[in-house]
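Below you'll find the structure, written out as structure tokens, and then a few comments.
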There are 2 protein chains.
Amino acid sequence: METIDGVRFDVLSLDCPSRPVLQRIGDKWTTLVFMILKEGPRRFSVIRSSVQGVTPKVLTQTLRALERDGLVNRQIYAEVPPRVEYSLTDLGVSLLGPLETVRTWAERNAASILSAREDYDTGTDDPT
Amino acid sequence: METIDGVRFDVLSLDCPSRPVLQRIGDKWTTLVFMILKEGPRRFSVIRSSVQGVTPKVLTQTLRALERDGLVNRQIYAEVPPRVEYSLTDLGVSLLGPLETVRTWAERNAASILSAREDYDTGTDDPT
């Protein structure tokens, strides 16, 4: 639990403001978008083709939510046609470390989890 | 990207097995349940009262999914009435570190994010 300016943040608490933040981080597309933007500013079309399986609508919603959270910056260049690039803000960059630890764990332990699922589904795990 | 037994795990890839794993970790209740179980085995009723806002149905689904993933163990004690306790498996314990870094970040930066949201919603941030 963190205390900032006398306010205690506790994710277990229903009305704690850190809870929606945790949910934003946990969003299925957030981590994937971060993995692209950590390399530098990227255009929408580039992000879309890099994050496999995301629809334009959902990617737009995700980027807008991240921009609203102050994690991603949207920069418009006055060209013809206008060029729009997305990049991580300083706050966004500070989230890279935590996200990387989760991502690394996921990639490293995916095989164990898939194996556990198979055992569970075939009932070899727990006869009760 | 991790390579295990010659298989490359890459979360950005649509069919990578690490992607559903990442989504499980990102589930809004997973982190909260882990914060309870890291203290030791707990009964359903105790978890429920500790994780504010979760319904019995959703908590049941969450625990079952975590059990299926091999992250949580369900132990039944032959008492009258039977006692059921949930605890983290070794695999679950290995996930505690990554989850803690995310949780700490969320609690530490919740205020910045809430402030960014306010700026965004009142339009003081970006007039475009």
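Since every read-out is calculated from the coordinates, none of them should be taken as a lab result. As the structure is a prediction and not an experimental result, all values here were calculated from the model. Here the Cβ positions follow ideal geometry from the backbone for every residue, glycine too, while neighbour counts run over all protein chains shown.
Mind checking segment B:54-128 for GluC sites (Glu not before Pro) that DSSP puts in a loop (not H, G, I, E or B) and that have at most 15 other Cβ atoms within 10 Å? Before the final figure, lay out the partial values.
On the way: sites: B:Glu67, B:Glu79, B:Glu85, B:Glu100, B:Glu107, B:Glu118; in loops: B:Glu79.
Within segment B:54-128, the qualifying GluC sites (Glu not before Pro) (loop, at most 15 other Cβ atoms within 10 Å) are B:Glu79.
Which lysines does B:Lys38 reach when only Cα atoms under 27 Å apart count, and residues fewer than 8 places away in its own chain are ignored?
A:Lys28, B:Lys28, B:Lys57
Roughly how many Å is it from the Cα centre of segment A:57-128 to that of segment B:33-74, as a whole number?
24
In nm, what does the list of distances from A:Ser50 to its counterparts in the other copies look like, shortest first, when each label sits 7 Å along Cα to Cβ?
3.9
So how far apart, in nm, are the two label points at B:Ser87 and A:Arg74 if each is 7 Å from Cα heading toward Cβ?
In this crude spin-label approximation the distance works out to 5.0 nm.
Considering every residue in A:89-97, what mean count of other chain Cβ atoms within 10 Å of its Cβ is obtained?
Mean partner-chain Cβ count within 10 Å for A:89-97: 2.
Let me know the Rg and Dmax you get for segment B:40-125 when you use only its Cα atoms, in Å.
Expressed in Å, the Cα Rg and Dmax of segment B:40-125 come to 18.0, 62.
List residues of segment B:79-93, by number, whose backbone nitrogen lies under 19 Å from a label position 7 Å along Cα→C-beta of A:Thr104.
Backbone N within reach: B:91-93.
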